[in-house]
Amino acid sequence: MAHVRLGVCYYPEHWPRERWAQDAAGMAALGLSLVRIGEFAWSRLEPKPGRFDWAWLDDAVETLAAAGLEIIMGTPTACPPHWLVARDPDMLPVGADGQVRGFGSRRHYSFSSLGYREAARDITARMAERYGKHAAVVGWQTDNEFGCHDTTECFSSAALTAFQTWCEARYNTIDALNAAWGNVFWSQEYEAFNAIGLPVAVTETNPAHCMAWRRFSSDQVRDFSADMAATVRKHAPEAWLTHNFMGNFTDFDHFDVGADYDVASWDSYPLGFLDLADLDDAMKARYRRRGHPDWAAFHHDLYRAVGRGRFGVMEQQPGPVNWAPHNAQPAAGMARLWGWEAIAHGAEFVSWFRWRQLHVAQEQFHAGVLHADATLAPAHGDIERLARELAELELGDTRPARVALVFDYEACWVTDIQPQSAGFAALTLALEWYSAARLNGLDVDIVSPDAALNGYGLVLLPCLPMLEHALLDRITASGARWLAGPRAGSRTNEFAIPDGLAPGALRTLVDLRITGVDALRRGVHLGIDGGDDDDYVHHWIEAVESSTEPGLVTRDGRGVTFDGDAGTYVAARCSRPLIARLVAEAAQAAGLETRPMPAGLRTRRRGDHMFAVNYGNTAQRLPEGVRLLLGQSPLPPGEVALWEA
Ligand code: GAL
């Protein structure tokens, strides 16, 4: 039986020492057993170069441990202290505009600075040496949110040199690089690797150059991360190791970076990201105080894959955040619902950010479990209730789903580099197709393009421009049906149009040639012949040549769906109801049972339990005849139900 832990993020360095024991007792009394500390405390751990002060952290660890709490120790490398920056200003990141991004907030380092890498390794090693074998320090987090605040890419001269070396390792000869990138176009040919520049020029730079740069930047994050992970592991061999990844974030390949960790964790801020999302205003208004019903779930399933089956939520939104354009107050009970939902998707732990709101500095408007004056904030009651309920239950492990959704970070870079229809993004399609599956009551496993696919009945490929034969071979061998979305197989690995045109490798399973794209402005909807008003395509529709008669056709006569061997190609971005209908048909063809969900209600199985959460604004009926262990039917907004299934 899985043991799920609840926790909180705590910053002893922000509070007087006399307060720590009271805080620790408060956490334990609330039912928390994990506490993350340390990740921004470098200036207090090494106030002067080579002069360390561990005494306060020793005390904090002992105080928390004495209250029965277990600790996740965060290494402090996201916040290099001022003396280090002053000593080595070359470590600072440089923006695409050539401006140095200076001291005064956080993440002010370049992944390509070898000097910084050394300093980061040093403080990480010292911290891990000191606490790596402490019985109460059960887990470690490296750094904090790699890539946050647009820091994956750095345009410094160190990065450029590293990029040139990276290119040489990948292409061997400059002629091979010139040929692969198509540099004959606009006389972009280079005479040597050290002539290659940053992908910043008068106008759009070569997409192959940009793609190489994105791959290189991702590799820089992976190398830094792997170095830090190995450093911790050396001194803390028994503890589990994690990094806290982010939501809606695709700037580096998380499958790659995640491979160095035992558990993936992520920071879940459903309302901040709803406000930032590219969703229509009506939807944003509907879910303003609860979040989009599929957003957190998508990330739980994604990070479960990144963690090879193991994940947790390191930072769960407790109340309003401070960083979105409009920071809504969560509706009553959401801190509990979000926590339960993470658990439903298999989380090993859920930890709220942060214990107490801070009265100074940048995050004054960011809620905590306690208000700034240490009185209880609304999240406190929610967490208390969740902790009580959780203590009564024995939960099993997550079981494999029958639907797999293939998510590819490189696909996100391709659509960023060449959107062709403004705002077209592989991540958006992945979220929409995920939502479509869940609207049909289907559990989904998100998988990497390299994952084994045995056991799945349906494989969703929402947007995979660099789709390769190996993936299709695995789908075919698994016996699963497939549903592939626009742009599949439309580019080679080196960002060229494939021989025989798109959908490239997929042409082995469906007879198609994509000869063009009609990019549709926002608000242009093409209705489906014989469909409802809600059934339309928008944003993107391809011109298709095929010997196969299309299934769905737009009212102006363009083919949208094309059946092939054991699957269907969808040549457009579909409205949400339309893609839900297509996913339902594909699932049914695969012999999977679908259960249409009412607005805002979602379900998820974990072990022998079925969970339901209601993100909607009205109460929703649950299936007849189930014996509820938690919750009621109809399920009120913001509530959670649970039954054996
Ligand atoms: C996260 C970050 C935390 C805190 C939080 C505020 O991105 O890891 O340190 O800043 O956001 O919502």
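Listed values, structure above:
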| quantity | calculated |
| --- | --- |
| Local net charge near VAL350, Cβ-Cβ under 11 Å (Lys/Arg +1, Asp/Glu -1) | -1 |
| Relative contact order [Cα under 8 Å, 6+ residues apart], segment 403-589, whole percent | 21 |
| Convex hull volume per residue in cubic angstrom - Cα atoms of segment 306-392 | 106 |
| Pair ILE497, ALA285: separation of 7 Å Cα→Cβ label points (nm) | 4.3 |
| Within the chain: Cβ-based charge dipole about Cα centre, in debye rounded to nearest 20 (Lys, Arg +1; Asp, Glu -1) | 1260 |
| Sequence of TYR11, TYR456 once ranked by neighbouring C-beta atoms within 10 Å, starting from the fewest | TYR11, TYR456 |
| Value in Å of the Kirkwood radius, where segment 497-645 supplies the Cα pairs that are averaged | 18.0 |
| Shape call, segment 139-225: gyration tensor on alpha carbons, a/c limit 1.5 | prolate |
| Cβ crowding within 10 Å averaged over residues, with 618-627, 106-115, 415-424 ranked highest first | 106-115, 415-424, 618-627 |
| Prolate/oblate/rounded label for segment 364-412 (Cα gyration tensor, a/c 1.5) | oblate |
| Under 15 Å, Cβ to Cβ, from LEU578 - net charge with Lys/Arg +1 and Asp/Glu -1 | -2 |
| Proxy reagent accessibility, fewest Cβ within 10 Å first, across PHE349, PHE249, PHE298 | PHE249, PHE298, PHE349 |
| Share of Cα-Cα pairs in segment 242-358 lying beyond 24 Å, as whole percent | 23 |
| Computed E for SER43/ALA324 - FRET, C-beta separation, R0 30 angstrom, nearest 0.05 | 0.60 |
| Debye-sum result for segment 1-140 in log10 I(q)/I(0), which assumes one identical scatterer on each alpha carbon, at q = 0.21 Å⁻¹ | -1.21 |
| Extension gain from ASP518 to HIS469, taking 0.36 nm per residue of separation minus the Cα-Cα distance | 15.0 nm |
| Enclosed volume per residue, in Å³, of the convex hull spanned by Cα atoms of segment 423-526 | 127 |
| Least to most buried among ARG521, ARG555 (fewest other Cβ within 10 Å first) | ARG521, ARG555 |
| By average C-beta atoms within 10 angstrom, highest first, the peptides 562-569, 94-101 | 562-569, 94-101 |
| Quotient of C-alpha Rg and 2.2 N^0.38 Å, computed over the chain | 0.98 |
| Inter-label distance, nm, simple model (7 Å from Cα along the C-beta direction), ARG308/SER157 | 4.1 |
| Neighbourhood charge, 9 Å Cβ-Cβ cut-off, centred on ALA645 and excluding it, Lys, Arg +1 and Asp, Glu -1 | -1 |
| Inverse of mean 1/r across different Cα pairs in segment 601-644, Kirkwood, Å | 10.2 |
| Relative contact order for the chain, counting Cα pairs under 8 Å that sit 6 or more residues apart, in percent | 11 |
| Mean Cβ count within 10 Å, highest first, over the residues of peptides 61-70, 254-263 | 254-263, 61-70 |
| Cα shape, segment 293-450, gyration tensor, a/c 1.5 rule | oblate |
| Helix-derived mean residue ellipticity, 222 nm - over the chain, DSSP H n ≥ 4, -39500 (n - 2.57), to 500 | -10000 deg cm²/dmol |
| Förster-model FRET efficiency, 51 Å R0, HIS82 and ASN617, C-beta, rounded to 0.05 | 0.60 |
| Whole-Hz couplings from phi, Karplus 6.51/-1.76/1.60, listed for segment 278-288; x for Gly and Pro | 8, 10, 6, 4, 5, 5, 4, 5, 4, 9, 3 |
| Electrostatic dipole magnitude of segment 479-595 [Cβ: Lys, Arg +1; Asp, Glu -1; Cα centre; debye, to 20] | 420 |
| FRET E, pair ASN454, PHE365, Förster distance 60 Å, beta-carbon r, rounded to 0.05 | 0.80 |
| Among ALA612, SER633, PRO623 the positive-end extreme of the charge dipole of segment 601-644 (Cβ point charges) | ALA612 |
| Anchor LYS234: aspartates and glutamates whose Cα lies under 17 Å away (excluding residues fewer than 8 positions away in-chain) | GLU118, ASP122, GLU129, ASP143, ASP223, ASP260, ASP262 |
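Read-outs: derived from the displayed coordinates by stated rules, not from any lab. None of the values given here were measured: they were computed from a predicted structure. A quick note on method: Cβ atoms are made from the backbone with ideal geometry, for glycine too, and the neighbour counts reach across all protein chains shown.
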